[in-house]
Amino acid sequence: TQKQKVAIAGLVQEFTILPVTLKAIKNCFKSEMAKGLAKQGETLAMVQTHIFGRLNGSETGTYLTLDIGGTYLRVVLVELSQGSNVSTRQKKYAIDPLLKVGEPKLIFDFMATCIDSFLLANEVIIPKRSQLELGFTFSFPVLQTSINSGTLIEWTKGYSCQGMVGKDPAEFLQQALLSRNLNVNVSALMNDTVGTLLSHAYLHPRTVVGLGLGTGSNAAYIERVDRIGKRDITMLGDDAEASTQEMAINIEFGAFDNERTVLPMTMFDNKVDRKSLNPSKQLFEKMIAGMYLGEITRNVLVDLIDNRLLFRGQSSHKLDTPWEFLTEYMSVIEEDSTSDLEVVRRILEDNLGLGQVESLETHLVVKLIVELVGKRSARLAAAALGGILEHTMGYTWARNEAERQGGVDIGVDGSLYGFYPGYESDLVRGLEELFVLEPEMSFLFAKDGDSGGFLEKIRLGRSLDGSSVGAALGVALA
């Protein structure tokens with residue numbers, strides 16, 4: 001109907017990020033990075049990791065790592081040997097949702113229990129009077145005070161353990177390990193994107209950015225120390241010494257534009273934010289991360305149903321229930337290339353309980369909404385990455401013509417980037433649109449506007465097991 005066409009056209013307009021808007025977001029992101037480097041308390045935390053220098057592939061040793069995220073906890077034994085060789089043994093443990101909202105001691109006791117179980121199962125024996133060094137990947141905003149300590153700024157990813165903000169997660173884990181008489185020392189605390197940065201750099205020395213695009217979203221990059229205005233000079237040395245140093249910075253970019261100045265938020269984003277555990281926080285992450293994309297899509301579908309523009313105004317208990325439209329459904333729908341969109345129909349009927357949905361036009365509408373939400377996520381990620389690359393160009397990865405021509409590597413980890421159909425190509429297309437508008441970035445292209453040379457200069461690569469291997473490398477650097 002004409003009313004349906006108008007509604008769909010409005011959604012396309014709301015969720016499509018045009019190049020001019022993409023550029024405005026990128027410029028604002030770059031400006032916020034500078035503010036966060038200058039002083040504490042800015043929207044982009046720009047956390048100093050106290051990880052100095054770069055890896056050269058010669059690091060060796062056997063280390064234990066613990067990686068806690070939104071859904072699972074992983075314990076990994078990492079062995080680094082000469083020639084950038086890495087071997088791992090690992091086990092994944094599901095996190096009971098009740099642990100995410102209970103007393104902090106419970107979740108850290110669970111971590112220690114998992115480590116104990118892993119060491120026993122893998123027959124790892126720690127000699128007397130020695131200890132196994134552990135890298136702790138803690139994927140939440142932390143104000144780092146040293147390489148193995150920091151204070152929690154706020155919970156994300158559905159966690160809300162009371163009384164933990166302002167406390168040191170590494171100390172909590174160490175106490176839990178001691179209570180089980182485990183000779184394991186927490187010697188590095190880091191965010192998962194810092195781990196991604198380090199693990200990719202171990203194999204690709206020209207890596208300057210680690211990007212996390214999965215359940216959550218964030219980035220880390222290599223910064224020159226003398227550009228960190230808020231640095232502690234007594235710890236990092238004077239300007240002369242600092243100018244020769246580099247440090248990994250954890251941006252914590254999920255909080256970008258909490259002030260709502262530039263992001264094109266829709267009524268559906270606002271609803272997701274209001275119903276979340278942390279309203280008015282992590283707004284950028286809520287538009288990008290896999291944790292939220294399904295819920296945004298569900299809100300769009302329910303709004304169309306309420307206005308009798310979809311499914312003849314009939315909903316289902318599943319579709320009416322928050323968080324029941326999973327982001328993995330979106331991946332399956334995006335991938336459906338059948339002529340009658342049979343896969344879309346099965347998701348709607350079997351997974352969401354919508355009864356018999358016969359109209360191909362209905363399937364097309366659902367597929368279009370999914371595509372709009374997914375593509376917007378990738379393009380927003382491109383705006384952030386574009387801001388990071390422009391910020392670092394001329395300082396970290398393109399200090400002379402030879403380095404400019406050598407290009408840069410970017411390590412990417414996360415389920416969205418790895419498995420969501422078309423996500424990588426949408427992200428790359430967004431970067432190309434950004435940089436073709438910037439004269440100083442024209443060297444990335446083979447010739448005027450031709451993207452032929454782009455991926456030779458900006459090389460995105462998956463950093464598998466990045467957070468675990470990276471944590472081990474953080475221990476090696478420590």
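General remarks:
- Convex hull per residue volume in Å³, alpha carbons only, for the chain: 158 Å³
- Label positions at LYS318 and THR1, each projected 7 Å from the Cα along the C-beta direction, are separated by 2.6 nm.
- The chain, dipole about Cα centre (Lys/Arg Cβ +1, Asp/Glu Cβ -1), debye to the nearest 20: 520 debye
- DSSP bridge orientation in the chain - percent antiparallel, rounded to nearest 5: 65 percent
- Antiparallel %, DSSP beta bridges [both residues in the stretch 66-147], to 5: 80 percent
- Out-of-range pairs (alpha-carbon distance over 24 Å; input LYS5/LYS157; LYS23/LYS286; LYS91/LYS286; LYS157/LYS318; LYS105/LYS157; LYS23/LYS230): LYS5/LYS157; LYS91/LYS286; LYS23/LYS230
- Gap separating the Cα centres of the stretch 159-183 and the stretch 343-420, nearest whole Å: 35 Å
- Relative contact order of the stretch 177-298, taken over Cα pairs closer than 8 Å and 6 or more residues apart, is 22 percent.
- Highest average packing first - 349-356, 246-253, Cβ atoms within 10 Å: 246-253, 349-356
- Stretched out straight at 0.36 nm per residue, the stretch from VAL332 to VAL86 would grow longer than its current Cα-Cα span by 85.3 nm.
- When the Cα positions of ALA219, VAL357, SER316 are compared along the charge dipole of the stretch 210-358, SER316 comes out farthest toward the positive end, with charges on each C-beta of Lys, Arg, Asp and Glu.
- Loop-located trypsin sites (Lys or Arg not before Pro) in the stretch 81-132 (DSSP state other than H, G, I, E, B) with a sparse environment of at most 11 neighbouring Cβ atoms within 10 Å: LYS128, ARG129.
- In this label model, SER117 and GLU14 are separated by 4.3 nm, measuring between points 7 Å along each Cα→Cβ vector.
- Over the stretch 377-445, the fraction of Cα-Cα pairs per 10 Å bin, rounded to whole percents and listed from the shortest bin up, is 19, 51, 26, 4.
Every number here is computed from the coordinates shown, using simple stated rules; none is lab data. Since the structure is predicted, the reported quantities are computational estimates derived from the model, not experimental observations. Neighbour counts are summed over all protein chains in view; Cβ atoms, including those assigned to glycine, are modelled from backbone coordinates with ideal geometry.
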